[in-house]
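J.: If you scroll down you'll find the structure; I have some questions about it.
The values are calculated or read from the model by the stated rules, or taken from the named source; none is laboratory data. Computed from a predicted structure; not experimentally measured. Methodologically, a virtual Cβ is constructed for each residue, glycine included, from the backbone with ideal geometry; neighbour enumeration extends over all protein chains shown. Each accessible area value is taken on the protein alone, full model and side chains, heavy atoms only, with ligands, DNA and RNA left out. Shrake-Rupley method; radii C 1.70, N 1.55, O 1.52, S 1.80 Å.
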Amino acid sequence: MKNIAVLVSGGGTNLQALIDAEKSGIIKGGRITCVIASNPEAYALERAKNNGISTRIIPRKEYADVASYTKAVTDALLEEKADLVVYAGFMTILDEQIVKAFPYKMMNVHPALIPSFCGKGFYGLHVHEAALEKGVKLSGATVHFVTEVCDGGPIIMQKAVPVENGDTPETLQRRIMEQAEWKILPEAVSLFCQDKIKVVDGKAIITE
């Protein structure tokens, strides 16, 4: 049984999707053992406590720079014996120390079809604003491994979601969360926990 650690900063809707998926048996071979928050006020901490999951708070503002903060988070994950680290609305930038400690053992869900609308500055509603400005007919979500390149790691799963006439960034964000993010993130976590993902030549291959 693999230990899943989840990094959060805010409301924790993706964390809730993972908790629900674990309870319903969608996630096989793993369990959420720890939630680490960069923000002491994150509602995600309440979600964890309500489900009996241990929590740790590592406030970003207490660290002078990215390097010292990354070391603190990395050390905590090693202490927790994390087999998989999931970024679930974790809004804090970490450096390559954590990538070296957990190579192809960290995944993130991004609210667009990478390589569109990704990279530095593309987070939260900014992603959906950019998609609507471009007039795309399909958007969606991508689960990818975290590497030192922002949103640049091997793609594990993607799911497309239609953009509808009259969409606002908020309505598109909600549809992508409900129809894509909350579905493919637990699926990708389950595949990892069952050892069904391997990375070959920089590409994630799902094996059955």
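J.: Could you tell me whether any residue of segment 62-84 is closer than 30 Å to ARG175 by Cα and not β-branched (Val, Ile, Thr)? If you could, list the steps in order and put the result at the bottom.
T.: Applying the first criterion (closer than 30 Å to ARG175 by Cα) to segment 62-84 yields 84.
Of the ones still in play, those that are also not β-branched (Val, Ile, Thr) are 84.
The answer is yes; a qualifying residue exists.
J.: Just the residues that are over 17 Å from GLY124 (Cα atoms), free of Cβ contacts under 8 Å to residues at least 60 places away in the same chain, within 13 Å of the chain's Cα centre (by Cα) and open to solvent by less than 40 Å² (accessible area, probe 1.4 Å), please, taken from segment 135-156.
T.: The answer is PHE145, THR147, GLY153, ILE156.
J.: Oh, and also: What pairs can you find where one residue is in segment 104-122 and open to solvent by 50 Å² or more (accessible area, probe 1.4 Å), the other is of a type outside the set (Ser, Thr, Tyr), and their Cβ atoms are less than 6 Å apart, with a gap of 6+ or different chains?
T.: Close Cβ pairs satisfying both conditions: TYR104/PHE145; TYR104/VAL199; LYS105/LEU84; LYS120/CYS150.
J.: Say we look at segment 32-64 and pick out the residues that are in contact with a Leu (Cβ under 8 Å, 6 or more places away or on another chain) and open to solvent by 20 Å² or more (accessible area, probe 1.4 Å); which of these is farthest from ASP20 (Cα to Cα)?
T.: ILE57
J.: Could you tell me which numbered condition PHE90 fails, if it satisfies all but one of (1) modelled with pLDDT of 95 or more; (2) closer than 25 Å to ILE184 by Cβ; (3) under 17 Å from the mean Cα position of the chain (by Cα)?
T.: Among (1) modelled with pLDDT of 95 or more; (2) closer than 25 Å to ILE184 by Cβ; (3) under 17 Å from the mean Cα position of the chain (by Cα), PHE90 violates only (1).
J.: Do we find a residue being within 30 Å of LYS71 (Cβ to Cβ) and assigned to a loop (DSSP other than H, G, I, E, B) anywhere in segment 166-181? Please lay out each step first, then the result.
T.: First pass over segment 166-181, keeping only residues within 30 Å of LYS71 (Cβ to Cβ): 181.
Then keep just the ones that are assigned to a loop (DSSP other than H, G, I, E, B); that gives none.
Looking through segment 166-181, none of the residues is within 30 Å of LYS71 (Cβ to Cβ) and assigned to a loop (DSSP other than H, G, I, E, B).
J.: Inside segment 1-94, counting only strands (runs of 3 or more DSSP E) that do not spill past its ends, which hold 2 or more residues that are without any contact (Cβ under 8 Å) to a residue 60 or more places away in the chain and under 24 Å from LYS183 (Cβ atoms)?
T.: On the way: elements: 2-8, 30-37, 54-57, 84-87.
Counting at least 2 such residues, we get 30-37.
J.: Does at least one position in segment 108-129 carry a residue that is closer than 14 Å to VAL6 by Cβ, part of a loop (DSSP other than H, G, I, E, B) and modelled with pLDDT of 95 or more?
T.: Step one: list which residues in segment 108-129 are closer than 14 Å to VAL6 by Cβ, which gives 108-109.
Filter again for part of a loop (DSSP other than H, G, I, E, B), leaving none.
No, segment 108-129 contains no residue that is closer than 14 Å to VAL6 by Cβ, part of a loop (DSSP other than H, G, I, E, B) and modelled with pLDDT of 95 or more.
J.: For LYS100, are the conditions met, namely being open to solvent by 30 Å² or more (accessible area, probe 1.4 Å), among the charged types (D, E, K, R) and part of a helix (DSSP H, G or I)? I'd like the intermediate steps shown before the answer.
T.: Working: open to solvent by 30 Å² or more (accessible area, probe 1.4 Å): yes; among the charged types (D, E, K, R): yes; part of a helix (DSSP H, G or I): yes.
So LYS100 passes the test.
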